[in-house]
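S.K.: Right, I'll just put the structure down here and ask away after.
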Amino acid sequence: MKKILAVSSAFSSAFSYLLAQEKPQDSLKNKLNIGFQATIISQHHPKFSADYTGDNSLQPNSESATSLTSTLYINYHFNKNTQIIFTPEVAGGKGLSGATGVAGFPNGEIFRVGEPTPKVYIARLALEKRFDFKNDNQLRFVVGKYCLADYFDNNPIAHDPRTQFMNWSLMSSGAWDYPANVRGYTMGLLAEYVFRNNWSLRANYALEPTTANGADLSYKMGKDFGLTFEIQKDFYKEGNLFTRIMLLGYRNQAPMVPYRLAIQQNVNLTEINGERNTKYGLSLNLYQKLSEHLSGFMRTSWNDGKNETWAFTEIDNSLSAGVNVNGKLWHRSDDNFGIALVINGISKDHQNYLKDGHYGFIIGDGNLNYGRETALEAYYNLCFMKYYNLSADYQFVNHPAYNQSRGPVSFFSLRFHFQI
């Protein structure tokens, strides 16, 4: 923990220095934008009942863990329509049980890297170019390293684990196995067209990791890749009413192993050199601003579930819904309260694979008494001194890793977030 705090302090000092250097240079104010965030999440789950425990199970004994991310955002504008995005990042700490044992894992800021010592890496390095047309339409291209969740599946109240819901299947569509390395980033090309009547179309080509949930990306660009498409419509009405509808589709191609093949050979997925297979999926994402103080959302997502999960998490179908209440209702306009329910499932092939005692990269108890994994999450985010946020979060998970023979389990979290 001392190492984590020391790294966070070092980034804060560096950020303060950069701000101090920027102020006298008026010519850079419209070209160079610098921001910083740090998020620390401490989680605990008490002892819970389990008939058996396997290699990838959430440990049934009482357990605590702490994670840190710290990010420096640097955007340099060559002109009003061209910018370069650079974000070095530090991540450290660990997830409960090594970030295994729950498909909708309760900490959206943790990675399955297996090393708690803070590491510095480049999260984003991308070039963005926008073209403005006379009829107010816009065309944008982004090329480089980034996270697909920066541009897709963007629900205003269920998207950011640093200030909103922390469960993996509430911050993104659970069954969207989006291309990314183990830290959530990829190399790709994005094209987006925004129409003047509030329609948006976006498409993305991205690299897949060389192995399931792996750290390295495959540069076999014609063989290992993911294609993502999304159409979005925003509806503006009088007063405070606002509606956003997003329909996302994707197709991934990588050396994913079919669950049926692993069952036939009676081995784990990692013991087979997979031939290139595909995965298809869909997601429908709805956001509704109901009043000045109240907003709601709903997501549903699905993938074909024939081949192993490759990048995100082991969810083949998911349904979630929730609400957000703004603190202005009780004279705390920067505070927020949220509560949501998510129900996750896996395909029959995936169930049979786990039933036979095999393991994925995040779940596997050595047996499976199947039941849908259900999670209820509630949080209160307290904003103070403008840039500081402190959140209390509670999650109740029934049938962790889809296993009726384990749990239920409660997760208690305290989150500190600083951003400027």
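The values are calculated or read from the model by the stated rules, or taken from the named source; none is laboratory data. Note that the structure is predicted; figures quoted are calculated from it, not measured. With ideal geometry, Cβ positions are generated from the backbone for all residues, glycine too; neighbour counts draw on all protein chains shown. Ligands, DNA and RNA are stripped out before the accessible areas are found, and what is left, the full protein with its side chains, is counted by its heavy atoms. Shrake-Rupley method; radii C 1.70, N 1.55, O 1.52, S 1.80 Å.
S.K.: Taking 0.36 nm per residue of sequence separation and subtracting the Cα-Cα distance, how much length would be gained by fully extending the chain between V120 and K223, in nm to one decimal?
M.R.: Net length gain for the segment: 34.1 nm.
S.K.: Relative contact order (percent) for region 348-420, with alpha-carbon contacts under 8 angstrom and 6 or more residues of separation?
M.R.: 26
S.K.: Mind running the shape call on region 206-258? Use the C-alpha gyration tensor, a ≥ b ≥ c as the square roots of the eigenvalues: rounded below 1.5 for a/c, prolate if a/b tops b/c, oblate otherwise.
M.R.: Cα axes put region 206-258 in the prolate bin.
S.K.: Relative to the present Cα-Cα distance, how much length would full extension add between L127 and R276 at 0.36 nm per residue of separation?
M.R.: The span from L127 to R276 would gain 50.6 nm if fully extended.
S.K.: Return the sequence-ordered ³J(HN,Hα) values of region 139-148 in whole Hz as given by the Karplus equation 6.51 cos²θ - 1.76 cosθ + 1.60 applied to θ = phi - 60°, using x for Gly and Pro.
M.R.: In residue order, the calculated couplings are 10, 10, 10, 10, 9, x, 9, 6, 10, 4 Hz.
S.K.: Could you provide, to the nearest whole Å², the per residue accessible area of region 117-236 with probe 1.4 Å? Each step should come with its number before you reach the end.
M.R.: Values: 4930 Å² over 120 residues.
Averaged over the residues of region 117-236, the accessible area is 41 Å².
S.K.: Oh, and also: Give me, ordered by chain and number, the residues 5 or more places off G281 or on other chains with an amide H under 5 Å from its own placed amide H.
M.R.: Amide H to amide H, under 5 Å and 5 or more residues apart or across chains, G281 pairs with Y250.
S.K.: Within region 132-158, which residues have the backbone N less than 18 Å from the label spot 7 Å out from L286 along Cα→beta-carbon, could you tell me?
M.R.: Inside the label zone: 153-158.
S.K.: Measuring from a point 7 Å past the Cα of S64 along Cα-to-C-beta, which residues in region 388-420 have an amide N at less than 13 Å?
M.R.: Output list for this probe position: 412-414.
S.K.: Same structure, new question: Put M187, M256 in order of accessible area, largest first, 1.4 Å probe: what do you get?
M.R.: From most accessible down to least: M187, M256.
S.K.: Also: Less than 21 Å apart at the alpha-carbon level, and either on another chain or at least 8 residues along: which lysines does that give for K279?
M.R.: Of all the lysines, those that pass the test against K279 - Cα under 21 Å, at least 8 places apart if same chain - are K220, K223, K306, K348.
S.K.: Given a 1.4 angstrom probe, I'd like the percentage of the accessible area of region 325-420 that is carbon and sulfur, rounded to a whole number.
M.R.: Whole-percent figure for carbon plus sulfur exposure: 61.
S.K.: Continuing with the same structure: Using the Cα centre as the reference, give the magnitude of the dipole from point charges on the C-beta atoms of the chain (Lys, Arg: +1; Asp, Glu: -1; all else neutral), rounded to the nearest 20 debye.
M.R.: It comes to approximately 940 debye.
S.K.: Now for a different question. Straight distance only, please: which lysines reach the Cα of K233 with their own Cα at less than 17 Å, same-chain residues fewer than 8 apart left out?
M.R.: By straight Cα distance, K233 reaches K289.
S.K.: How far is it, in nm, from the label point at I34 to the one at K386 when both lie 7 Å from their Cα along the line to the Cβ?
M.R.: 1.7
S.K.: Moving on to the next point. Report K386's accessible area, 1.4 Å probe, all protein chains in place, as a number in Å² to the nearest 10.
M.R.: 150
S.K.: I would also like to ask the following. Quick check: residue separation of Q404 and N197 times 0.36 nm, minus the Cα distance between them. What number comes out in nm?
M.R.: Extra length from Q404 to N197 when fully extended: 69.7 nm.
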